[in-house]
Each structure stands twice: as structure tokens, then as C-alpha cells.
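No lab work stands behind these numbers, since they all come straight from the coordinates. Treat the numbers as computed from the prediction; the structure is a model and nothing was measured. Heads up, the Cβs are rebuilt from the backbone with ideal geometry, glycines too, and the neighbour counts pull from every protein chain shown.
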Amino acid sequence: MRRVVVTGIGVITPIGVGKEAFCRGLKRGTSGVGPISRFDTSSFSVKIAAEVKDWPPEDYPESDFLSLDRFIQFALVASHQAISDVRIKIDGSTRKRMGVLISSSKGGMETFEKVNKALIEKGPSETPPAFISNFLPSGASSLVAERLKSKGPISNVVSACATGTHSIMRAAELIKEGQAEVMLAGSSEASITPLILAGFSRMGVLSKRNKGTPSPFDKERDGFVIGEGAGVVVLESLEHALIRGTHIYGEIAGYAWGADAHHMTHFSLCGDSIAWVIKGALNKAGLFSSDLDYINAHGTATQQNDRVETLALKKALGRDVYSIPISSTKSMTGHLLGAAGSVEFIACLLALERNFIPPTINYQHPDPDCDLDYTPNKAREKEIENAISLSFGFGGHIGALIVKKMTVR
């Protein structure tokens, strides 16, 4: 079976744009949460989010950049970063074996809401010709592929907040299957909009404190904070990467996905489905629970999710789990929804390369039901060989993705 490695990183987050800024934010325990600036929140009970700051960048690459939906802008810039990072020569032969799988769980919601408002107020003549291409969740993959002229597999995975993790898994599978040598993989989301804020607020899953949040695994946690951003990685077959002599961040060692099949908006209290997926990823990687050095938890800061995730980790990893550092980087970035999994995978790659554990900030009140090592409030240095990133989504989506330091054998 072909081995798949990560050779390039591009990342857009509320705590830093680009891998160096993002890494600094993780190490410092930076919070990206603040008052919503993109629309009037006076009629909303929730008034905070984790917005990407100083956007658009001054050096955006395309002349039509500002006409694109924000989630496509994020994807284009993250892709450009990843390609620049890997320094790959994109010529005719490369394009035939390069694919794009940059997904979004919601697509162009900002575009949709603006166009829908204009349609109601002024009629259909106000609908721009580019509305559909700007709105489709597949728009990011399509436009990146068009700009790169890549002819390999192109797709979009939609699995709620597990979208990013599942996208990277599927891209790795395409390389393992021999359908591509190189894949741009990840996800992008820009859903800090009135409709999405109202929807999640009515669901009762958002923090209503409007300050000092979110607080994953803290006893007084009260929900997540919506964020936005994108994470894109360059995946290559090991053979292709070695021929090029490029830097390798890590190897995708194992992964698994599954369904809870319990409820559309919450997971079963026993945590068995999550535990089963974690065990499946370890089995595929050929690792034992004691081999894990870091767990990037889904950690949304909802009461039930954090409790169930903790229980699932105990069931999957046994007593070993008490000695494995865990963190929820959502405490810093907010919940990036469909982009969460890819950005959190990149957090694992940076932790692996630079030997540190990102913190879980805003952790003040230990919960007896969540009694593991969540790396409270401060990053720590640690040699890391193997890390696992966990993602769950409404509808019962589950994904576990393991990355390990590169060894050639």
C-alpha cells in the first residue's frame, strides 16, 4: 500500500494567517474571539465570534478576488500558501496527477444571505450571474483546480463539522488508490452570518456569556463560539516526495470514520461509536494507545459533547489516556465548523514538527466528569512522535486522523 505524507501547509485562522502566525498563536494561547464586526448583532443574544482579522490580505492573488465569497477567498489564499510552502513545480505532467479536495460544509452562506435579501426586496434581476458558483460548497475545490489547471480528482466532502478531517482522509485514499500523486486537501468555512448565528443560537449550542469563552472541558462550559477560516495541506505519495527531496511534515499513519446513528444534534451518552473509530484509526496505523503523544480533541465546550468525548477516550485508550496530553484548540480559534478538522490537523502537524502541546485556554474549573490532562491555559514542550485529531459533526459524523513523524523504511 502506498504511503502518504504531508509536504505543504496553508492556514487561515482567527489567531493567525499563515503557518508561522498560527503556530505563534497556538504557543501563546491566543484567543481569536471578540465582538462580531461583520453585521449588527443588536437583536442577537450572542454577540461574539472568532473572525479572521485584517482581511482581505493586501497581496491577494487574483483580480476577481473581492467578488468571490469569503470561504472561496480563504481557500484560494490557503492553497497558495500550501503550494508556496512545498515549492512544487506545477507543469503539464504534475497537473495530470494533481487533485483538489477542499471542502466546505455550508458553502457561500454570506453570498446566499445577501442575494436572497436582494431577491426579496428588488426581484430576480438583482441576482448576479456568478451566484451559483459562489454559493456551492464545491466552489472552493473547483476554483482552486481551475486556477492551478490541475486535471486530477476533484471533489467536495460535506459531513458537518467533520468535513475537514474527512476531506483529508479521502484525499489520502485517492493517493493510496493510485488515482493521484499529489492532492491539495482540506476545508474552508466563512459562516459568521446572521442566519447561521441565529440557527446555532436557537439550537442552544452557542455560548451566551459574550466574554471569556469558549471553555472546553471546564465545568462551567456553556457552548461553542463560531469561528471561520481554512486549512489546506499538500499530500503526496512518499515516492513522489522523496524523488523531489522536499520537506515532510509527517506521514498520515491511520484514520477511520464512522457514524453514531443516534440523533441529528447530539451523540449517544455511552461514547461507544467514537471509541470504535479511535480504535480503528490506531489499528490502521499499527499503533497502541500508549504510542500516542498528543490528542487534539473535538472539544466544543458543550456540556454533553465534552463529557461524551472524555468517556469515549477512556473506553478507546484505557488507563493510557491519563498520561496523554489533550487539548481543544477551539478554545483559541472558536469552532471553525467545516474548516475545524483541517485546521486542527495542521495544529497537530506543527505540534509534531516543533515539539509542543497547544493549550486549552479559558480552563478554570475542573469537571469531575472530564478528568483528563487537557493542557490547561499554557502550552508545554514535549517530544511528539504520534498525534491524533478527532472530529465529530451533527448527524453523527465521526473522524479520527493520526499523523506521525516521518521515518523511511
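With Cα atoms defining each centre, the range 1-80 and the range 368-409 are spaced 22 Å apart in the structure.
Rounded to the nearest angstrom and listed largest first, the equivalent-ellipsoid semi-axes of the range 271-409 from its Cα gyration tensor are 20, 18, 15. Per-residue 3J(HN,Hα) values for the range 243-249, derived from phi via the Karplus relation 6.51 cos²θ - 1.76 cosθ + 1.60 with θ = phi - 60°, read 4, 6, x, 8, 5, 10, 6 Hz in sequence order (x marks Gly and Pro). The tail of the calculated P(r) for the chain, taken as Cα-Cα distances beyond 34 Å, holds 23 percent of the pairs.
Simple rule: put +1 on each Lys or Arg Cβ and -1 on each Asp or Glu Cβ in the range 137-224, find the dipole, and look at 180, 167, 216; the Cα lying farthest toward the positive end is 216. With θ taken as phi - 60° and the Karplus curve 6.51 cos²θ - 1.76 cosθ + 1.60 applied, the whole-hertz 3J(HN,Hα) list for the range 146-157 is 4, 5, 8, 6, 7, 10, x, x, 9, 7, 8, 9 Hz, x standing for glycine and proline.
Sparsely packed loop sites in the range 177-277 (the trypsin sites (Lys or Arg not before Pro) outside DSSP H, G, I, E and B with at most 11 other Cβ atoms within 10 Å) comprise 211. Straight-line reach only, C-alpha to C-alpha below 19 angstrom: list the lysines that residue 279 could link to, leaving out same-chain residues fewer than 8 apart. Excluding near neighbours in sequence, the set is 314, 315, 404.
Within the listed set 30, 333, 163, the residue fluctuating most in the Gaussian network model of the chain (springs between alpha-carbon atoms under 10 angstrom) is 30. Listed here are the pairs 284/378; 89/151; 96/176; 27/330; 211/382; 106/176; which of them are more than 22 Å apart at the Cα? Result: 284/378; 211/382; 106/176 exceed 22 Å. In loop segments of the range 40-108 as defined by DSSP, the GluC sites (Glu not before Pro) with at most 12 further C-beta atoms inside 10 Å of their C-beta are 58. Looking at the chain, the DSSP beta bridges with both ends there are about 70 percent antiparallel. When the GluC sites (Glu not before Pro) in the range 201-259 are filtered for DSSP coil states and for at most 16 other beta-carbon atoms within 10 Å of their beta-carbon, the remaining sites are 220. In terms of surrounding Cβ atoms within a 10 Å radius of their Cβ, 66, 242, 101, 311 rank from fewest to most as 66, 242, 311, 101. Taken one residue at a time, the phi angles of the range 390-402 give Karplus couplings (6.51, -1.76, 1.60, θ = phi - 60°) of 10, 9, 10, x, 3, x, x, 5, 9, x, 9, 10, 10 Hz. Gly and Pro are set to x.
Going by the alpha-carbon gyration tensor, a ≥ b ≥ c the square roots of its eigenvalues, is the range 1-55 rounded (a/c under 1.5) or, if a/c is not under 1.5, prolate (a/b greater than b/c) versus oblate? Cα axes put the range 1-55 in the prolate bin.
Charged side chains reduced to their Cβ positions (Lys and Arg at +1, Asp and Glu at -1) give the chain a dipole of some 380 debye around its Cα centre.
Between residue 219 and residue 378, the C-beta separation translates, for a Förster distance of 22 Å, into a calculated FRET efficiency of about 0.70. Would you please give the FRET efficiency between residue 239 and residue 44, computed as 1/(1 + (r/R0)^6) with r the Cβ-Cβ distance and R0 = 41 Å, to the nearest 0.05? E(calc), rounded to 0.05, equals 0.20. Just add up the charged neighbours of residue 150: K/R +1, D/E -1, any other residue whose Cβ is under 15 Å from the Cβ of residue 150. Residues close to residue 150 contribute a combined charge of +3. Near the amide H of residue 367, within less than 5 Å, lie the amide hydrogens of 219, all on another chain or at least 5 residues away, with H placed in the peptide plane. Dipole magnitude for the range 124-214: computed about the Cα centre from +1 point charges on Lys and Arg Cβ and -1 point charges on Asp and Glu Cβ, it is near 400 debye.
Close amide H pairs (under 5 Å, H built 1.01 Å from N) link residue 356 with 382, residues at least 5 positions away or on another chain.
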